[in-house]
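To start, the structure itself, in structure tokens.
Please treat every number below as a calculation from the coordinates, not as lab data. Worth saying up front: this structure is predicted, and the values here are computed from it rather than measured. Here the Cβ is made from the backbone with ideal geometry for all residues, glycine too, and neighbour counts use every protein chain on show.
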Amino acid sequence: MPTDVTTSTPSDAIAVMVRHPRSWERACKRVIDLLGSAILILLFAPVFLVLAGLVLLIDGLPIIYRRRVVSPRGEFDAYKFRTMIRDADAVLAANAQLSEAYAQQFKLRSDPRVTRLGNLLRKYSLDELPQLMNVLKGQMSLVGPRMITSAELQKYAPYGALLLTVKPGITGYWQVEGRQEVSYAERVRMDIYYITNWSLWLDLKILLRTPSKIIRTQGAY
């Protein structure tokens, strides 16, 4: 478990602790992202088509949900297969209890807005496959902190600026260590730990651990 850097260390000290990647390390990470995303897109092309067809057949358009998230270069749309009913945001806004619960974790256990197909896609993280296109475009990385919306930045105070120095990842330290089983505060600590301890070796370890976590569906909902 990572050191509790977000509560034990001042934000200015955290900035000093960050080991800035060398130019060759940044280049290696980008090459890994490009090759990895391109290879995975080709390998999963049939799965993309099948899942897109299922979403269309079972629940109609749109097939892709665009989640507006933050990054070092500003906001962008992160792609996901749609797992919720089409009026999901309106349902949340109309239910005070749901809205309050969502505000705590920005996630709902047993979310009534998620379709049956959506539950299956989320269980095995299949809904996130379209984000490989975000990686290919340079908006995301294969490994990085969790992608979050601008509204979630308040949860990272006073470390929001630090979070915005790194591209969000499809997988990351939080996904292989805790996933949905940990509190939001613990997610923040894990993201800060990743940023302040980043290395190509850490990325490799996370990538190698990700498939088993997905297959075992640990912490998924």
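Just how far, in whole angstrom, is region 145-210 from region 76-123 if you go by their alpha carbon centroids? Each part reduced to its Cα centre gives a spacing of 21 Å. Cβ-Cβ distance of Val31 and Leu98, R₀ of 41 Å, FRET efficiency by 1/(1 + (r/R0)^6): the value works out to about 0.45. For region 21-215, the ratio of Cα radius of gyration to the globular rule of thumb 2.2 N^0.38 Å stands at 1.02. Using a cutoff of 8 angstrom between alpha carbon atoms and counting only pairs six or more residues apart, the relative contact order for region 21-215 works out to 22 percent. Projected onto the charge dipole of the chain (+1 at Lys/Arg Cβ, -1 at Asp/Glu Cβ, origin at the Cα centre), which of Tyr124, Gly74, Ala151 gives the Cα projection farthest towards the positive end? Projecting each Cα onto the dipole axis, the largest value belongs to Tyr124. Here r is the Cβ-Cβ distance between Leu61 and Leu200 and R0 is 41 Å; the resulting FRET efficiency, rounded to 0.05, is 0.50. Using the average count of surrounding beta-carbon atoms within 10 Å as a protection proxy, the listed peptides 138-144, 93-99, 157-163 rank, highest first, as 138-144, 157-163, 93-99.
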